[in-house]
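Nothing in this text is a laboratory measurement; each read-out follows from the coordinates by a stated rule. Quick caveat, the model's predicted, so the values are computed rather than measured. Positions of Cβ are generated from backbone atoms using ideal geometry, with glycine treated the same way; all protein chains shown enter the neighbour counts.
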Amino acid sequence: MSDEQAQLIYGQGQEACPDGTFCLYRATNFNIGQTPGVGDKILAIPLGTYVNDFSVYGFDHSGDGVSSVVNNTDADNALFSAADQRGHSLPVDRRSSIANLARIAMADSPNGSWNDQAQSALAAPFLGNLVVEHKPERPAPRLRSARTGMEVSRPADLAPVRRPRSDAAACRLASDFPVRRSSPRPRGIHGTPRHHTHPNAR
């Protein structure tokens, strides 16, 4: 990109800005009411180019600075408070305009606003000084339902797993509760209970 493509023209009103250019006006309200050929100068910057220093074209921090702008392009452009696209930045949306930069506050400005303070421009998309780091999200673990065998996305969808009990485990459980058995009473030859008689009994 080169600033040699920028042109200094004269005109009044938003319609004086050629299509596809980012226009900077010397006076507020797009130079309306200014002396033709003297006080109505416009710096027209074609899309995709930049201007490193407005003072080369007669725009500086004096009364001849930038006071209104027209973005007659399909891209979001920007103004900067210092040369070489440095300092504070003021985004200007595509197909939009600002009639009076004195109504836009700027920190550390001698007059408290953007009026007569812009010194460079970028007629191309500008994201500002904010850097956003994008960290890719880790994929969720792939889980499988024990009930249906299908993949699920949440642990709540999983049915509790019931494992079959082995025979050895069943025997151990049974041995934990032994059954007490009473001793049988001695019986006679024919299965009847055998009675003991005292030797002195008759």
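Scanning the range 22-43 for any residue that is crowded, with 20+ Cβ neighbours inside 10 Å and touching a Pro at 6+ places or on another chain (Cβ under 6 Å) turns up nothing.
Against the definition (farther than 17 Å from Phe30 by Cα and surrounded by fewer than 21 Cβ atoms within 10 Å (Cβ to Cβ)), how does Ala102 come out, yes or no? No; evaluated as a whole, the condition is false for this residue. Being in contact with a Lys or Arg (Cβ under 7 Å, 6 or more places away or on another chain) and either on the phi > 0 side of the Ramachandran plot or charged (D, E, K, R) (or both) is true for just one of Asp53, Asp84, Asp60, Asp76. Which residue is that? After ruling out the rest, the residue left standing is Asp76.
Report whether or not Thr28 is in contact (Cβ under 8 Å) with a residue 60 or more places away in the chain and of a type in the set (Ser, Thr, Tyr). So Thr28 fits the description; yes.
Screening Pro110, Pro91 for residues that are in a strand (DSSP E or B), surrounded by fewer than 18 Cβ atoms within 10 Å (Cβ to Cβ) and of a type outside the set (Gly, Ala, Ser) leaves exactly one candidate, Pro91. When the range 70-88 is examined, which residues are found to be closer than 11 Å to Ser120 by Cα, in a strand (DSSP E or B) and not small (Gly, Ala, Ser)? Answer for the range 70-88, where residues must be closer than 11 Å to Ser120 by Cα, in a strand (DSSP E or B) and not small (Gly, Ala, Ser): Leu79, Phe80, Arg86, His88.
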